Amino acid sequence: MILLVVVVLSYRQLIKAYPSGGGDYEVAHKNLGEKAGLVVASALLVDYILTVAVSVASGVDNIISAIRRSPRSAWRSRSSSWRSSRP
């Protein structure tokens, strides 16, 4: 709970200091310079890309896990009906 209060107070200060928005890039750019802003922007871009990659990998892993856990007879009937419905 204490951590939540600290985070909320920090964000309130950030919003008061930068009411126009701009996020982490603007804060780093104005306080630390252009290069620091570009580093922050690059790190955020890599973070967004890796988040999608990890989410897709996790989803595929869950689907494969669900298929392996289902009874083989049920899986065979599903796959055979799928094959027969294909053109």
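So how much slack lies between S10 and V46, counting 0.36 nm per residue of separation and subtracting their Cα-Cα distance, in nm?
10.5 nm is the gain from fully extending S10 to V46.
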Ranked Y48, Y25, Y18, criterion: other C-beta atoms within 10 Å, fewest first: Y48, Y18, Y25
Summed residue charge, Cβ within 13 Å of S10's Cβ, Lys/Arg positive, Asp/Glu negative: +1
Length released on extending from A17 to N62, taking residue separation times 0.36 nm less the Cα-Cα span: 11.9 nm
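Read-outs throughout are calculated quantities, based only on the coordinates presented, and are distinct from any laboratory measurement. On a predicted model such as this, the values are computed, not experimentally measured, just so you know. Neighbour counts run over all protein chains shown; Cβ positions are idealised from the backbone, glycine included.
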